[in-house]
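*Asks:* Below you will find the structure I want to go over with you.
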Protein chains: 2
Amino acid sequence: MLRTAVLVSGGGTNLQAILDAVDAGKITHAEVTVVISNNKNAFALERAKKKNIPAICVSPKDFATREDFYEKLLQTLKEWKADLVVLAGYLVAIPPSIVEAFPNKIINVHPSLIPSFCGTGFYGLKVHEAALARGVRVTGATVHFVDTGTDTGPIILQKAVTVEEDDTPEILQRRVMEQAEWIILPEAIERIACGSLEVAGGKVHRKKGITAVT
Amino acid sequence: MLRTAVLVSGGGTNLQAILDAVDAGKITHAEVTVVISNNKNAFALERAKKKNIPAICVSPKDFATREDFYEKLLQTLKEWKADLVVLAGYLVAIPPSIVEAFPNKIINVHPSLIPSFCGTGFYGLKVHEAALARGVRVTGATVHFVDTGTDTGPIILQKAVTVEEDDTPEILQRRVMEQAEWIILPEAIERIACGSLEVAGGKVHRKKGITAVT
């Protein structure tokens with residue numbers, strides 16, 4: 001079983017999608033070993049506790065420097081022997097020290113079809129505000145490996161979502177979650193857990209001859 | 001009937017998609033009044049002649065200056081009383097003088113989901129090469145009104161297309177044509193012809209209370 005650490009900051013709906021996928025038998029080769037939040041009030045921690053999953057807060061507020069905080073986060077991931085780190089609405093930038101300690105073992109879900117509406121400054125509602133401002137008819141979500149850039153890592157899965165005429169950023173955000181993020185994030189975890197993916201030349205490939213077990 | 005001028009440079013598969021949509025009754029409020037190529041050998045001209053549609057070549061090679069060429073092109077569009085100008089694989093940049101003479105009356109089909117893989121230098125196969133180089137899982141096509149920027153105009157329709165594991169730029173290009181361009185380009189023409197769209201604030205809106213007649 002792939003030991004998965006899920007990093008969260010807020011409500012934890014993406015965490016819930018992962019937990020539901022485990023319950024539904026859609027994730028069978030990975031388990032959520034620990035949930036780590038930067039914010040002690042994150043409801044995501046309650047979701048974890050309800051499932052008897054260790055729920056930990058590692059907050060930058062409890063450290064004198066950003067480096068100390070990052071060091072503690074890295075140490076925590078190592079203590080829990082994480083094989084995979086999932087950023088599920090985690091609003092803290094991951095430093096190169098952690099990226100390098102977990103090469104192609106950290107994944108993130110971004111609420112647009114990268115390379116549209118991504119990079120510095122594009123997070124949360126801002127992504128959907130930008131999509132609506134440009135007047136796109138199709139948006140979506142992306143799951144990608146995390147590298148030292150912002151939303152520049154190898155893309156694992158993407159799913160398109162239709163923009164409707166009267167969408168607000170909030171309505172569009174919810175639709176992108178329901179129709180894309182909550183589907184492709186668990187699917188990406190299972191594919192990684194099955195060992196069916198490989199990264200080469202900055203791109204993700206399916207290994208030949210291996211079929212994902214479902 | 002909306003008098004439509006279709007501008008072409010090559011094989012004319014997008015023109016054919018428009019002509020087929022007319023035959024199939026999917027375009028009922030517009031007619032292709034004239035086809036104009038910058039290249040006298042464009043096979044698109046043959047497709048037009050086969051349908052008894054006037055097929056004209058206006059080539060930059062026949063004019064002393066670029067300005068003279070553009071002036072002739074503008075004059076031709078006016079002579080044919082074009083209500084709508086469709087760039088269907090037209091490889092010539094449209095100058096501001098023509099954009100301003102046909103405000104929100106020129107449309108273009110671009111083989112990606114704008115704002116991904118668009119702008120200066122992104123045309124034809126280069127678009128698909130860039131999409132594959134980034135490793136995206138979803139691409140598509142966009143029909144948009146032409147403004148004085150490159151691929152910056154208001155978006156009318158977009159359609160997503162899946163990228164497959166072993167795609168080459170050529171294979172992906174063909175799939176994007178078949179599954180997106182040939183569908184949304186005729187649909188955009190019919191919507192414009194039905195008067196169901198309006199442009200405000202750089203975005204395309206469906207007029208309230210008007211249903212497209214099909």
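The values are calculated or read from the model by the stated rules, or taken from the named source; none is laboratory data. It should be emphasised that the depicted structure is a prediction, and the values quoted were computed from it without experimental measurement. Neighbour counts run over all protein chains shown; Cβ positions are idealised from the backbone, glycine included. Each accessible area value is taken on the protein alone, full model and side chains, heavy atoms only, with ligands, DNA and RNA left out. Shrake-Rupley method; radii C 1.70, N 1.55, O 1.52, S 1.80 Å.
*Asks:* Within region A:12-25, can you find the residues that are part of a loop (DSSP other than H, G, I, E, B) and surrounded by fewer than 18 Cβ atoms within 10 Å (Cβ to Cβ)?
*Replies:* We begin by selecting, within region A:12-25, every residue part of a loop (DSSP other than H, G, I, E, B); these are A:12, A:24-25.
Those that are part of a loop (DSSP other than H, G, I, E, B) and surrounded by fewer than 18 Cβ atoms within 10 Å (Cβ to Cβ): A:ALA24, A:GLY25.
*Asks:* A follow-up question, please. Since B:MET1 meets every condition but one in (1) modelled with pLDDT under 95; (2) open to solvent by less than 40 Å² (accessible area, probe 1.4 Å); (3) not acidic (Asp, Glu), which condition does it not meet?
*Replies:* (2)
*Asks:* A further question follows. Select from region B:129-155 the residues that are small (Gly, Ala, Ser) and in contact with a Pro (Cβ under 7 Å, 6 or more places away or on another chain) and write down the one among them that is farthest from A:ILE114 (Cα to Cα). Outline the logic, then answer.
*Replies:* Initial filter on region B:129-155 (small (Gly, Ala, Ser)): B:130-131, B:133, B:135, B:140-141, B:149, B:153.
If we keep only those that are in contact with a Pro (Cβ under 7 Å, 6 or more places away or on another chain) too, we end up with B:135, B:141.
Numbers: B:GLY135: 10, B:ALA141: 15 Å.
Only one residue tops the list, namely B:ALA141.
*Asks:* Still on this structure, please answer the following. Out of contact with any helix residue (DSSP H, G or I) (no Cβ under 7 Å at 6 or more places or on another chain), modelled with pLDDT of 95 or more and closer than 20 Å to A:GLU181 by Cβ: which single residue out of A:ALA44, A:ALA24 fits that description? Give the steps one after another, and end with the answer.
*Replies:* On the way: A:ALA44 fails: out of contact with any helix residue (DSSP H, G or I) (no Cβ under 7 Å at 6 or more places or on another chain).
None of the others qualify; the one that does is A:ALA24.
*Asks:* Which ones in region B:26-53 are assigned to a loop (DSSP other than H, G, I, E, B), free of Cβ contacts under 8 Å to residues at least 60 places away in the same chain, more than 18 Å from B:LEU74 (Cβ to Cβ) and not β-branched (Val, Ile, Thr)? Don't jump to the end; show me each part of the working.
*Replies:* Residues of region B:26-53 that are assigned to a loop (DSSP other than H, G, I, E, B), as a first pass: B:26-29, B:38-42, B:51-53.
Imposing the further condition that a residue be free of Cβ contacts under 8 Å to residues at least 60 places away in the same chain reduces the set to B:38-42, B:51-53.
Now narrow it down to the ones that are more than 18 Å from B:LEU74 (Cβ to Cβ): B:39-42, B:51-53.
Within region B:26-53, B:ASN39, B:LYS40, B:ASN41, B:ALA42, B:LYS51, B:ASN52 qualify.
*Asks:* In region B:190-214, which residues are hydrophobic (A, V, I, L, M, F, W, C) and either at the interface with chain A (Cβ under 9 Å from one of its Cβ atoms) or over 20 Å from the mean Cα position of the chain (by Cα) (or both)? Write out each step before concluding.
*Replies:* From region B:190-214, those hydrophobic (A, V, I, L, M, F, W, C) are B:192-194, B:197, B:199-200, B:204, B:210, B:212-213; that's our starting set.
Those that are hydrophobic (A, V, I, L, M, F, W, C) and either at the interface with chain A (Cβ under 9 Å from one of its Cβ atoms) or over 20 Å from the mean Cα position of the chain (by Cα) (or both): B:ALA200, B:VAL204, B:ILE210, B:ALA212, B:VAL213.
*Asks:* Taking region B:126-166 as the search range and keeping residues that are in contact with a Leu (Cβ under 7 Å, 6 or more places away or on another chain) and of a type in the set (Ser, Thr, Tyr), which one is farthest from B:GLY12 (Cα to Cα)?
*Replies:* Filtering first and then ranking leaves B:THR139.
*Asks:* Can you say whether B:GLY153 is free of Cβ contacts under 8 Å to residues at least 60 places away in the same chain, on the phi > 0 side of the Ramachandran plot and either within 13 Å of another protein chain (Cβ to nearest Cβ) or touching a helix residue (DSSP H, G or I) at 6+ places or on another chain (Cβ under 9 Å) (or both), as far as the supplied structure shows? Working first, answer last.
*Replies:* Values: free of Cβ contacts under 8 Å to residues at least 60 places away in the same chain: yes; on the phi > 0 side of the Ramachandran plot: no; either within 13 Å of another protein chain (Cβ to nearest Cβ) or touching a helix residue (DSSP H, G or I) at 6+ places or on another chain (Cβ under 9 Å) (or both): yes.
Against the criterion (free of Cβ contacts under 8 Å to residues at least 60 places away in the same chain, on the phi > 0 side of the Ramachandran plot and either within 13 Å of another protein chain (Cβ to nearest Cβ) or touching a helix residue (DSSP H, G or I) at 6+ places or on another chain (Cβ under 9 Å) (or both)), B:GLY153 does not qualify.
*Asks:* Would you point out which residue out of B:GLU187, B:GLU165, B:GLU170 is among the acidic types (Asp, Glu), outside any strand (DSSP E or B), at the interface with chain A (Cβ under 10 Å from one of its Cβ atoms) and within 29 Å of B:ALA130 (Cβ to Cβ)?
*Replies:* Working: B:GLU187 fails: at the interface with chain A (Cβ under 10 Å from one of its Cβ atoms); B:GLU170 fails: at the interface with chain A (Cβ under 10 Å from one of its Cβ atoms).
Sole residue among the options that is among the acidic types (Asp, Glu), outside any strand (DSSP E or B), at the interface with chain A (Cβ under 10 Å from one of its Cβ atoms) and within 29 Å of B:ALA130 (Cβ to Cβ): B:GLU165.
*Asks:* Now for a different question. Could you please find all residues in region A:81-125 being among the basic types (Lys, Arg) and either out of contact with any Leu (no Cβ under 9 Å at 6 or more places or on another chain) or within 14 Å of chain B (Cβ to nearest Cβ) (or both)? It would help to see each step written out before you state the result.
*Replies:* Applying the first criterion (among the basic types (Lys, Arg)) to region A:81-125 yields A:81, A:105.
The one that is among the basic types (Lys, Arg) and either out of contact with any Leu (no Cβ under 9 Å at 6 or more places or on another chain) or within 14 Å of chain B (Cβ to nearest Cβ) (or both): A:LYS81.
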